[in-house]
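The values are calculated or read from the model by the stated rules, or taken from the named source; none is laboratory data. The structure presented is a predicted model; accordingly, all values stated were derived computationally and were not measured. Reconstructed Cβ throughout: ideal geometry from the backbone, glycine too, with neighbour counts over all protein chains shown.
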Amino acid sequence: MSQMDFFLSRYREMGWKYIEPAVKQAIRVNIMNVDENALLRRLEEHGFKLQKIPFLKSGYWVAEARFSIGATVEYLLGYYSIQEAAAQIPASIFTDLKNKKVLDACAAPGGKTVQLANLMEGTGVIVALDVRQNRIKALRNQLERCRVSNVIVYQLDARKASKLGVKFDRILLDVPCSGNFAADKEWFSRRTMQDILRNSRIQRDMLAEAARILKDEGEIVYSTCSLEPEENEFNIDWAVKNLNLEVVDVDTYGERANTEIFGKKLSSAIANCRRIWPAETQGFFVCKLKKRRM
Amino acid sequence: MNGILKRFLGQFGAEAFLPKEMIIERNGEFFLLSPDLKEISEKNAWWCHAGTYLGKIRDKRFSPSFPLLFMIVEKAKNRVVVDDKSAWLFICGRDIFRQGIIQAAGSIMRGSYTLVLNRHGECLGFGRIVKNLDEASEGVVIKNMFDLGDFLRRENPAKAKSLNPSKF
């Protein structure tokens with residue numbers, strides 16, 4: 001059995017039949033820097049045709065473009081970010097971000113950090129971590145271009161975030177993952193189950209560290225662009241059973257996650273997670289966890 | 001406020017308006033912090049970016065960030081507004097020709113520094129005036145010192161080629 005057949009058979013077992021994805025390019029308006037309608041008019045004048053993404057507040061698909069959407073003066077002015085539609089979901093499902101202390105645990109290249117800053121309307125504090133120097137450079141460029149003023153950046157592994165000695169109200173855990181075939185044409189030949197299990201262990205360590213530094217009743221949003229249950233449902237099932245966290249239902253795009261996968265019965269709360277199979281968006285998994293009061 | 005930063009702002013006729021107690025210099029880079037950020041930055045002093053990045057010292061000169069230029073747009077006396085074609089060429093790294101200037105304010109004398117704005121009043125960067133604007137009738141009058149296209153050039157030089165001067 002080829003790697004591709006192996007993975008596709010797993011997806012079939014989870015109830016998804018392969019269709020060729022047609023992932024659309026998307027942007028998100030940085031509403032702190034520009035009036036949304038004024039920006040849309042300007043982009044239309046440049047010949048871009050934009051289509052509102054129904055499940056996002058300030059997200060648009062680029063339906064038609066005469067040149068790169070990343071080569072406009074409006075982009076350079078930080079009026080919008082190029083951010084895939086599914087990737088815009090995690091930051092949008094937090095409750096009440098204003099004036100909060102927020103950790104963006106795996107922040108680079110910073111698309112979601114800027115989105116958080118917009119949702120917070122520049123209030124509160126975002127602590128952004130990334131482990132790699134070159135990725136921090138990209139993060140800093142993004143913060144500068146989008147004129148974000150409430151972020152502090154540390155070069156730090158998310159598994160060591162308690163080193164900061166800070167308790168957070170909200171934590172975004174957009175963890176490093178195995179990715180998916182919709183975003184990488186070579187994915188099937190590149191990935192093995194060993195990669196997935198290794199990533200899963202790292203992700204559990206990140207979840208455990210996040211639970212330690214989260215305030216009571218604080219929220220973690222966990223997301224991956226992986227389709228593999230070992231990095232998604234199984235990790236969240238483990239977190240619910242071991243980390244004093246509960247899965248909160250969210251009203252967003254995607255289908256409810258299965259509570260029985262490959263013969264393994266999971267907590268019924270896993271149905272509150274959202275799984276997005278590749279189509280107009282890339283593949284994605286997202287859920288919101290809340291820390292129970294001790 | 002640090003002298004070099006103050007001198008830079010003075011070149012544009014911008015008043016020193018930044019609260020000096022909230023500016024932190026680190027390894028030649030300057031940041032403007034909110035009180036909340038300052039608290040965390042003092043607790044964990046090994047951060048690599050905090051608040052609004054203002055710019056850095058490069059070759060003994062102050063090299064501003066774009067957030068700083070945007071912050072001084074309202075305060076700066078020296079500014080020129082350019083037409084669409086010149087605006088696009090400027091962010092492609094080109095200099096400004098006299099014919100492209102729609103409006104000029106503040107010092108228009110050779111050697112002065114001036115902000116370059118598009119017709120929407122948005123700052124695209126800054127330049128040094130190389131010919132008195134009231135005397136020159138053609139040719140390059142403002143040398144490009146720093147422009148928005150820098151974001152693409154520093155991130156991905158190949159991608160920066162999409163800033164094609166021939167678009168106009």
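List of remarks:
- Every residue from the range A:89-116 that is of a type outside the set (S, T, Y), under 23 Å from A:K160 (Cα atoms) and within 12 Å of chain B (Cβ to nearest Cβ): A:K100, A:K101, A:V102, A:L103, A:A107, A:A108, A:P109, A:G110
- Those helices (runs of 4 or more DSSP H) of the range B:1-102 in which 3 or more residues are within 12 Å of chain A (Cβ to nearest Cβ) and closer than 21 Å to B:L152 by Cα occupy B:66-72, B:84-91.
- Residue within the range A:35-45 that is crowded, with 16+ Cβ neighbours inside 10 Å and assigned to a loop (DSSP other than H, G, I, E, B) present: no
- Checklist (1) within 17 Å of the chain's Cα centre (by Cα); (2) small (G, A, S); (3) over 25 Å from B:L9 (Cβ atoms) applied to B:G106, failing item: (3)
- From the options A:A71, A:A22, residue that is more than 22 Å from the chain's Cα centre (by Cα) and at negative phi: A:A71
- Just so you know, in the range A:168-194 the residues that are among the acidic types (D, E) and crowded, with 16+ Cβ neighbours inside 10 Å include one that is farthest from A:V127 (Cα to Cα), and it is A:D174.
- If the condition is being touching a helix residue (DSSP H, G or I) at 6+ places or on another chain (Cβ under 8 Å) and surrounded by fewer than 12 Cβ atoms within 10 Å (Cβ to Cβ), then the range A:46-68 contributes no residue at all.
- Residue in the range A:135-147 that is of a type in the set (A, V, I, L, M) and more than 10 Å from every other protein chain (Cβ to nearest Cβ) present: no
- When the range A:253-288 is filtered for residues that are of a type in the set (V, I, T) and either assigned by TED's automatic domain parsing to the domain that holds A:F55 or surrounded by fewer than 21 Cβ atoms within 10 Å (Cβ to Cβ) (or both), the ones remaining, listed by number, are A:T259, A:I261.
- Scanning the range B:9-20 turns up no residue that is in contact with a strand residue (DSSP E or B) (Cβ under 9 Å, 6 or more places away or on another chain), charged (D, E, K, R) and either in the same structural domain as B:S65 (by TED's automatic domain parsing) or surrounded by fewer than 18 Cβ atoms within 10 Å (Cβ to Cβ) (or both).
- Boolean, A:N180 is within 11 Å of chain B (Cβ to nearest Cβ) and under 24 Å from A:I82 (Cβ atoms): no
- The residues of the range A:269-293 that are touching a Leu at 6+ places or on another chain (Cβ under 6 Å) and assigned to a strand (DSSP E or B), listed by number, are A:L289, A:K291.
- Residues in the range A:152-177 that are facing another protein chain (nearest Cβ under 7 Å) and either in contact with a Ser or Thr (Cβ under 8 Å, 6 or more places away or on another chain) or modelled with pLDDT under 95 (or both): A:I152 only.
- Within the range B:103-130, the set of residues being assigned to a loop (DSSP other than H, G, I, E, B) and within 14 Å of chain A (Cβ to nearest Cβ) comprises B:N118, B:R119, B:H120, B:G121, B:E122.
- Residue in the range A:25-39 that is away from chain B (no Cβ under 14 Å) and farther than 30 Å from A:R275 by Cα present: yes
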